[in-house]
Amino acid sequence: MASIVAVIASTHHPFYYRATTATGDDRPPFADEWERKILAFRETLTRANPDVLVMVGSDHFHQLWLDNMPQFLVGKAPFYDANWYNEEREFGLPRMLLKGQEDLSAHILRAGLDDGFDLAFSNELRIDHSVTCPIITLRPEADLPIVPIYTNIFAPPLPQPKRFVQLGESIRKIVESWPSHLRVAIIGTGHLSLELGGPRQFGPHGPDPEFDRRAVEWIATGDLDNCLREVTLDSLHSPGNATHGFMDFMLMMGVAGAGAKADHVDTLDLFHTMEAYFTWYPNGAPA
Amino acid sequence: MSKYLLDKFLYMVDRDPELVERYRSTPDELVTWWEAERANTVLNCHTSEASTWLRFTDDEREALIGHNHVRLFELGAHPFLTLTLFIAMFERGNTEPLEYQKAFGARLAHFDMPYPDIAT
């Protein structure tokens, strides 16, 4: 059976690419520290030596639209073109082409449907920065085949937080039952407190540093009990109007497992949002 | 109230560089044209299979023509869509980093929680 060699959860800050490729006067003062933290984070994936990446993220109204909105969707395609005109325009992100791992996509779809998740699928999916940001930060060679999994954290009505955790638990079980010798890393990105298009956006820190502090503690210690007790669809409005993206972190806590302490934890307090990076090694840290 | 159509306008204009420029420079022309020619498009469907019932309220049309992002927020337009398109149109005037983005937030400072409902 396949082995899960790393579980990784991260924020996906679309400005990282531009900030760290800028030089001279264009390079922001926080870029060097940010890049150092990302290089250390990247090493946690490199050490795990994965063959395949399962990538959990959320389409930002690019291909998925309100006339036909899935809650959870699995890509099953041989290739995924990536990044969109408005992401090039606003963030300077490059166009990319990623290979797909269709056998694992098919396995996740079949087993997920049989495990109680009525997963949608896509055979032609152009992915966006929720998936390409962690490719840029963690595997910039973009050389490993992927299985993208999209969640709806954007267009209400949304699934309940516990459903994200349950899907994560299911994905863990399903990948471990994949009849393959390949080494799989499961990577998901979301947000801590975040405000977009509202009065609290683009402040000197994230809109709710206290929420961020508690959230990092929940994730780092695998504290699903307290996280699920405190986080509801209603409560997530309070830290910032885009904080429902935190449910993708909850999904990754489900993948890592209740009580699983992260092997790598790092944060960076930036303007607009706090960055947070977590890696778990389910089979022990690689030598 | 047709929050869905407001969102559809923001979504369809934002992804088309030509429409972004037309909306920036001639909002009255662009909004009128879009409502007449594009509002009823069913995405991914043949043009002869358009919807027949979608139109803006006067209030919504006025907010769009006026580039009034505060009113769009109040009407429940999806704030991510509004922000993205308005950055595309107006960030180019920044004289310092994030100047437009911060001003955009400051103009919404009078809104308290809970914000207007964005469910469509």
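The values are calculated or read from the model by the stated rules, or taken from the named source; none is laboratory data. Since we're looking at a predicted model, the values are computed, not measured. We place every Cβ from the backbone using ideal geometry, glycine too, and count neighbours over all the protein chains shown. When the accessible area is computed, the model is the full protein with side chains, heavy atoms only, and any ligands, DNA or RNA have been set aside. Shrake-Rupley method; radii C 1.70, N 1.55, O 1.52, S 1.80 Å.
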Worksheet item: What FRET efficiency would be calculated for the residue pair A:Asn283, A:Arg126, taking the C-beta separation as r and a Förster radius of 41 Å, to the nearest 0.05?
Response: 0.75
Discussion item. Tell me the carbon and sulfur percent of the accessible area for the range B:3-106, rounded to whole percent, probe radius 1.4 Å.
Written reply: 51
Discussion item. Whole-Hz ³J(HN,Hα) for each residue in the range A:150-162, computed from phi via Karplus 6.51 cos²θ - 1.76 cosθ + 1.60 with θ = phi - 60°, x for glycine and proline: what do you get?
Written reply: 9, 10, 8, 10, 10, 10, x, x, 9, x, 5, x, 5
Worksheet item: Distance from the Cα centre of the range B:61-75 to that of the range A:208-232, in angstrom?
Response: 36
Worksheet item: Antiparallel DSSP bridges in the range A:3-280: what percent, to the nearest 5?
Response: 45
Worksheet item: Antiparallel DSSP bridges in the range A:68-221: what percent, to the nearest 5?
Response: 60
Worksheet, complete the sentence: Note, the range A:47-58: 3J(HN,Hα) by Karplus (6.51, -1.76, 1.60, θ = phi - 60°), whole Hz, Gly/Pro = x, goes 4, 7, 6, x, 9, 9, 10, 8, 10, 9, x, 9
Worksheet, complete the sentence: Using alpha-carbon coordinates alone, the radius of gyration and Dmax of chain B in Å work out to 14.7, 47
Practice prompt. State which helices in chain B qualify, where a helix is a whole DSSP H run, it must extend 24 Å or more along its own axis by its Cα atoms, and its mean Kyte-Doolittle hydropathy must be at least -0.5.
Written response: none
Worksheet entry | For A:191-197, mean number of other protein chain Cβ atoms within 10 Å | 5
Response to the item:
Between A:Lys99 and B:Trp53, the FRET efficiency computed from the C-beta separation at R0 = 30 Å comes out, to the nearest 0.05, as 0.10
Fill in: B:His67/A:Glu210 FRET efficiency (R0 41 Å; Cβ-Cβ; nearest 0.05)
0.70
Practice prompt. Report the longest stretch of chain A that contains none of the GluC sites (Glu not before Pro) sitting in a DSSP loop with at most 14 other Cβ atoms within 10 Å.
Written response: A:142-287
Fill in: Virtual spin-label span in nm between B:Thr95 and A:Leu113, 7 Å along Cα→Cβ
6.0
Fill in: Rg in Å to one decimal, and Dmax rounded to a whole Å, for the protein assembly as shown via C-alpha atoms
20.9, 66
Worksheet item: Relative contact order (percent) for chain B, with alpha-carbon contacts under 8 angstrom and 6 or more residues of separation?
Response: 31
Worksheet, complete the sentence: CD proxy, 222 nm, chain A: helix-only mean residue ellipticity via -39,500 (n - 2.57) per DSSP H run with n ≥ 4, per residue, nearest 500, stands at -10500 deg cm²/dmol
Practice prompt. Evaluate the distance, in nm, between pseudo-label points positioned 7 Å from the Cα of B:Leu43 and of A:Lys162 along their respective Cα→Cβ axes.
Written response: 3.2
Worksheet item: Residue separation times 0.36 nm, minus the C-alpha to C-alpha distance between A:Arg89 and A:Asn226: what's the value?
Response: 45.3 nm
Practice prompt. For the range A:36-78, list log₁₀ I(q)/I(0) at each q in 0.14 Å⁻¹, using the Debye formula over Cα point scatterers of equal strength and ignoring solvent, two decimals each.
Written response: -0.57
Practice prompt. Pop a pseudo-label 7 angstrom from the Cα along the beta-carbon direction at both A:Ser235 and A:Ala258 and give the gap in nm to one decimal.
Written response: 1.6
Worksheet item: For the range A:130-259, which semi-axes, largest first and in whole Å, follow from the square roots of 5 times the eigenvalues of its Cα gyration tensor?
Response: 26, 18, 13
Worksheet item: Under unit Cβ charges (Lys, Arg +1; Asp, Glu -1), what dipole magnitude, rounded to 20 debye, does the protein assembly as shown have relative to its Cα centre?
Response: 660
Discussion item. Could you work out the relative contact order of the range A:3-280? I mean the mean sequence separation of Cα pairs under 8 Å and 6+ apart, divided by the number of residues, in percent.
Written reply: 29
Worksheet, complete the sentence: Applied in sequence order to the range A:245-254, the curve 6.51 cos²θ - 1.76 cosθ + 1.60 (Karplus, θ = phi - 60°) yields integer Hz couplings, x standing for Gly and Pro, of x, 4, 5, 6, 5, 5, 4, 5, 5, x
Worksheet item: By accessible area of protein heavy atoms, probe 1.4 Å, what ranking do A:Lys76, A:Lys99, B:Lys8, B:Lys3 get, highest first?
Response: A:Lys99, A:Lys76, B:Lys3, B:Lys8
Worksheet entry | Extreme residue, positive dipole direction of the protein assembly as shown, given options A:Val165, A:Pro199, B:Leu43 (C-beta unit charges) | A:Val165
Worksheet entry | Length gained when the stretch B:Phe111-B:Asp16 is fully extended (0.36 nm per residue, less Cα-Cα span) | 31.1 nm
